[in-house]
1. What is the order of 237, 192, fewest Cβ neighbours within 10 Å to most?
2. Cα centroids of the stretch 447-477 and the stretch 75-125: how far apart, whole angstrom?
3. Calculate how many DSSP beta bridges within the chain are antiparallel, expressed in % of all such bridges and rounded to the nearest 5.
4. Using Cα pairs under 8 angstrom and six or more residues apart, how large is the relative contact order of the chain, in percent?
5. Rounded to two decimal places and with Rh computed the Kirkwood way over Cα pairs, what is Rg over Rh for the stretch 247-298?
6. Counting only C-alpha contacts under 8 Å and six or more residues apart, can you give the relative contact order of the stretch 324-537 as a whole percent?
7. Which value in Å does the Kirkwood hydrodynamic radius of the stretch 12-51 take, with 1/r averaged over all unlike C-alpha pairs and then inverted?
8. For the stretch 209-368, what ratio Rg/Rh do Cα atoms give with a Kirkwood hydrodynamic radius?
């Protein structure tokens, strides 16, 4: 269906691909992995024609339709949510119009050859229209929107009334609606909650019949959806015939085999070079020396790929808090509506956060999870009830919108130094390096950073401080899988208390020891880990 053959592509001084090849066949389910900047998004743009290769060939089946979801939504205005999603299937409207024209033409007398040609074109158009769900487009649009967390009550709202994250869901719904032959998804779970992620996961596995190529930082999602993994690294594309967990194991096996081959080759080369050095001056060994020199010139040297850079962070000594970290009594929060009435976010929430707890706050979309964390962090005041912070508690708050309040004109170094004004230059640079900012990277301005880089800056400013209560709202957003694993290891070793909201099920499963579920305004406490919660709540 799609073939990339011996592709080369260079951005400035960086060579992304050097004679790399890839095939996307009908029905394949492929996940792209690799470090940030290796070329995953570039690969998508090459397939869609937004970029052209510097060398090699790209061939795409003539009738293949491609749907591409990227991290940019473009302009959305002037339509309702439902109209915006249905507009994505614009060429289906063209096909429908073409079918109607051909049906009208059939009523006109014509010769046999013309009629045969018309019937052939009509059959192809009807087949494509049916295969892509043209006859039930509106019900499917509504079902997809609802699955992605945008309920029927919002379908007629104007798209410009939604925030950027919700617009991403609307854009994703439009891509899914067209039911393309090839679906390209660049981080589809970034702006989804757990319920929407589970819906999308199920839809891709059970409903979508085309070929899928995607990047995703959600390990569970990758494991459930893909059956082939392609690593984008070291200027090439390496295929692994399994999901993400299979890729991790197989990559380690291949690396060990490569290391063994490299060591054997180095030993052989050392012996040959030693022989050449010892006997180069002896006439009696001249033929042997020349033979071995030629042999070495023909040998293809094994190269070890560079180690991927990852965050390296460990918490320093923490001040000890009291045993009762946060006491919550009949807590409630309302927001004002445009008409002056009050909208209840949650109410009647009571509970206790104890020292050393690692608590996940869960609930359906709109239950008030993020608002609950804002109240705990002191970012907004509760409307009713009380929330009491315990003795010697030093809290830090990571918001999923924290990147928006960074000073865009300041450098990475200056931003982190503001958080630790008494730290020396060496300490600041060391902290920058721990979060993958080295050399000239520390002088980059915030407005020049990617989403993942900004997220690492915010984490650096938070985690470097002597805090014993971390309140984290989607801390893994924009982080790649390797960085998520480093953050997970650091938080697992953290001696303080953690309360977080996250849509990363792997992260929750590996970290949390208690779960607070906000359900219909009240809070239910599950005294066990995330799997215990899934079992007891019937959501497993």
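1. Details: 237 20, 192 23.
Sorted ascending by nearby Cβ count, the order is 237, 192.
2. That distance is 50 Å.
3. Values: 38 of 71 bridges.
Percent antiparallel among DSSP bridges in the chain is about 55.
4. On the way: 903 pairs, mean separation 79.3, N = 540.
Dividing the mean separation by the residue count of the chain yields 15 percent.
5. Values: Rg = 16.3 Å, Rh = 12.8 Å.
Taking Rh as the inverse mean 1/r over Cα pairs, Rg/Rh reads 1.27.
6. Details: 382 pairs, mean separation 61.3, N = 214.
Once normalised by length, the contact order is 29 percent.
7. On the way: mean 1/r = 0.0853 Å⁻¹.
Across the stretch 12-51, the inverse of the average 1/r is 11.7 Å.
8. Details: Rg = 30.9 Å, Rh = 23.7 Å.
Here Rg/Rh amounts to 1.30.
Where a number appears in this text, it was derived from the coordinates with a stated rule and is not lab data. What you see is a predicted model, and the numbers here were worked out from it, not measured in a lab. Cβ sites come from the backbone with ideal geometry, for glycine too, and all protein chains shown count toward neighbours.
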